[in-house]
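Okay, structure first, notes after.
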Amino acid sequence: PEKATSYSGGIVPTPHLVPGLTMLFDWYSISIKGVVQTPSTTQERNFCTAGSPNPQGGSYCDNWVYGAPVIPGSNPNGLQFVYTYPYNNGFQTVSGLDFVADYAMDFMGGNLAWHLLGNYNDELTSSVFGVNNPDGSPATNDTAGERGQPKLSLQLGATYTAGPWTATVQTRYMGTSRLNNHWT
């Protein structure tokens, strides 16, 4: 099994100086050890040719099975199939802050309600089969198969209601990130 340690805490301030304002802040920190991941056949080939032992002390080369050709006369003693097994081989650490702010007010004979939803990602560090996605380099994809995220993402919406009519406007902000950390 994977083993994780999580810490979290939150507060819900409702300041009396600003009627109609409600906020919520949730901080989290999660550390996972022994992340279960299955290597790709390309990773297994690279580990085998490099002589890297698998996490259980065996050889990745043992997962490549050779034998008689499937089609007579083709590639004698060729590769028949490759076993891929999941291993507890990685770690992941993530921490950040989720926040929400709601504010409602009377406006032009109706009600205007603001809603802000956001996340600040303080750390996202992971390693699977020795391929790292280091903190400080957020990415939406990477060759380790791990998905990153931008440091800051926000969603802001405003809903105006007057009588039977309601209108909503919404926008989203995603902080800068790379599609892949290994591209320059």
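So the values come out like this:
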| quantity | calculated |
| --- | --- |
| Separation of the Met105 and Thr41 label points, Cα + 7 Å toward Cβ, nm | 6.2 |
| Residue-span extension gain [Ile11 to Val82] - 0.36 nm each, minus C-alpha spacing | 20.4 nm |
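Quick note: the coordinates plus some simple rules give every number you see, no bench work behind them. None of the values given here were measured: they were computed from a predicted structure. Counting neighbours? That spans all protein chains shown, and the Cβs are built from the backbone with ideal geometry, glycine included.
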